[in-house]
Amino acid sequence: MKTFGLKASLLLMAILLFTDCLIVEGQACHPSGKIRGKNPPPGECNQGNDSDCCKEGKLYTTYKCSPTVSSHTKAYLTLNGFQKDEDGGAPSECDNQYHSDDTPVVALSSGWYNKGSRCLNNITISANGRSVVAMVVDECDSTMGCDSDHDYQPPCANNIVDASRAVWKALGVPHDQWGGLDITWTDA
């Protein structure tokens, strides 16, 4: 009888521990705050690739996290220029370099960028019946924005893969549909 009680207790503890781990792993990423937009100085917000500029007084949601990465992480693909003087702004965070639009590179939302842990690593992006491997070279900042460091653009959402033109071409997306696309991705 003592053995049965001990086994039942151990089983109950294992179930509770397993359930607790599932709850933590499956938790959603919630907003971490808001920032108030400021109008950029004239000519300071690069609107290439249909990028938005911050608007005076508008509240923008910020995130310190992104959804959990899986073998088919759902995300939203956006278009970014990684060359000098394009809407990406400064050189890439990972290597302090600009990158050709003809090279498949991406910036990830802050939570996925994870303080640079994915820098210069490849991810596989799938959409439109195709896949492409792209290198992570930058962060699409979900924690800050609306300032000169962020080209006066709002913070990124927490589920963004901001991609070069080469990624869009490789996925076979018609040029007139570039800008926003539901995708999945995983570490390559």
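The values are calculated or read from the model by the stated rules, or taken from the named source; none is laboratory data. All values reported here derive from a predicted model rather than from experimental measurement. Counting neighbours? That spans all protein chains shown, and the Cβs are built from the backbone with ideal geometry, glycine included. Surface accessibility is based on the protein's heavy atoms, side chains included, excluding ligands, DNA and RNA. Shrake-Rupley method; radii C 1.70, N 1.55, O 1.52, S 1.80 Å.
Considering only segment 90-120, state which residues are over 25 Å from SER70 (Cα atoms) and of a type in the set (Phe, Trp, Tyr).
The answer is TYR98, and nothing else.
Mind counting the residues in segment 78-100 that are closer than 17 Å to CYS45 by Cβ and not in a strand (DSSP E or B)?
So the count comes out to 9.
Which condition from (1) in contact with a His (Cβ under 9 Å, 6 or more places away or on another chain); (2) under 22 Å from ASP176 (Cβ atoms); (3) crowded, with 22+ Cβ neighbours inside 10 Å is the one that VAL105 breaks?
Going through (1) in contact with a His (Cβ under 9 Å, 6 or more places away or on another chain); (2) under 22 Å from ASP176 (Cβ atoms); (3) crowded, with 22+ Cβ neighbours inside 10 Å one by one, VAL105 breaks only (2).
I'd like the residue in segment 51-77 that is open to solvent by 30 Å² or more (accessible area, probe 1.4 Å) and not in a loop (DSSP other than H, G, I, E, B) and, out of all such residues, is farthest from TYR152 (Cα to Cα).
Among those that are open to solvent by 30 Å² or more (accessible area, probe 1.4 Å) and not in a loop (DSSP other than H, G, I, E, B), it is LYS74.
Quick check on SER164: is it small (Gly, Ala, Ser) and either open to solvent by 40 Å² or more (accessible area, probe 1.4 Å) or under 13 Å from the mean Cα position of the chain (by Cα) (or both)?
no
Answer yes or no: is there a residue in segment 82-94 that is touching a Cys at 6+ places or on another chain (Cβ under 8 Å), closer than 23 Å to CYS29 by Cβ and of a type in the set (D, E, K, R). Walk me through it before giving the result.
Our first condition is that a residue be touching a Cys at 6+ places or on another chain (Cβ under 8 Å); within segment 82-94, this holds for 93-94.
Add one more test, that the residue is closer than 23 Å to CYS29 by Cβ, and what stays is 93-94.
Subset that is of a type in the set (D, E, K, R): 93.
There is at least one residue in segment 82-94 that is touching a Cys at 6+ places or on another chain (Cβ under 8 Å), closer than 23 Å to CYS29 by Cβ and of a type in the set (D, E, K, R).
Could you list, in sequence order, all residues of segment 167-188 that are farther than 20 Å from THR73 by Cα and either acidic (Asp, Glu) or open to solvent by less than 20 Å² (accessible area, probe 1.4 Å) (or both)?
Listed by number, the list holds a single entry, ASP176.
So, in segment 101-133, how many residues would count as being assigned to a loop (DSSP other than H, G, I, E, B) and either on the phi > 0 side of the Ramachandran plot or touching a residue at least 60 places away in the same chain (Cβ under 8 Å) (or both)?
To start, the set of residues in segment 101-133 that are assigned to a loop (DSSP other than H, G, I, E, B) comprises 101-104, 117-121, 128-129.
Checking the rest, the ones that are also either on the phi > 0 side of the Ramachandran plot or touching a residue at least 60 places away in the same chain (Cβ under 8 Å) (or both) come to 101-104, 118, 120-121, 128-129.
The total comes to 9.
Taking the condition open to solvent by less than 80 Å² (accessible area, probe 1.4 Å) and either basic (Lys, Arg) or in contact with a helix residue (DSSP H, G or I) (Cβ under 8 Å, 6 or more places away or on another chain) (or both), does VAL133 pass?
No, not satisfied.
Give the number of residues within segment 136-177 that are in contact with an Asp or Glu (Cβ under 9 Å, 6 or more places away or on another chain) and without any contact (Cβ under 8 Å) to a residue 40 or more places away in the chain.
Of the residues in that region, 2 qualify.
Is it the case, given these coordinates, that TYR98 is surrounded by fewer than 21 Cβ atoms within 10 Å (Cβ to Cβ), of a type in the set (Ser, Thr, Tyr) and out of contact with any Leu (no Cβ under 7 Å at 6 or more places or on another chain)?
Here the answer is yes, as TYR98 does meet what is asked.
Evaluate segment 115-137: report whether one residue or more is under 22 Å from SER51 (Cα atoms) and not aliphatic (A, V, I, L, M).
no
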